[in-house]
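Every number here is computed from the coordinates shown, using simple stated rules; none is lab data. Keep in mind that this is a model prediction, so the values were computed, not measured. Heads up, the Cβs are rebuilt from the backbone with ideal geometry, glycines too, and the neighbour counts pull from every protein chain shown.
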Amino acid sequence: MKILASVLTSLIVATWVVVIAIFSVQNYTTVSLKFLFFKSIQIPIGIVLAFSAGAGMIGMTFLQPLWSLTAASGSNYQSEDEAEFFVDEEDF
C-alpha cells in the first residue's frame with residue numbers, strides 16, 4: 001500500500017511540474033508581487049507558480065508530522081479492540 005501511495009504522490013507532483021512548465025512557456029507575462037508597501041521585481045508568472053508550489057510542498061512536509069502528533073495526543077476515543085474487551089458478560 002505504501003508503494004502505491006508513493007507512486008501516486010510522485011505522479012501528482014510530476015503532473016503539476018509539467019503543467020507549470022507548459023504554462024510558464026506559453027505565458028511569459030511578467031508580474032510584480034505586492035505585499036503591503038513592498039513590491040518585487042518583474043518576474044515571469046511561471047516562476048512565481050513554481051516557487052509557490054515548491055513552498056507549499058515544503059510547508060506541508062513540515063506541517064504533516066505536527067498534525068499527526070496533535071491528533072495522537074488529543075485522541076480520547078476507544079478502539080474497537082478496547083471496546084470488545086470491556087463487554088459485560090452478564091448481558092449474554
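Sorting the segments 51-64, 16-29 by their mean number of nearby beta carbons within 10 angstrom, highest to lowest, gives 16-29, 51-64. In order along segment 38-50, phi translates into HN-Hα couplings of 8, 9, 8, 6, 6, 10, x, 5, x, 5, 4, 5, 5 Hz, rounded to whole numbers, per the Karplus curve 6.51 cos²θ - 1.76 cosθ + 1.60 with θ = phi - 60° and x for Gly and Pro.
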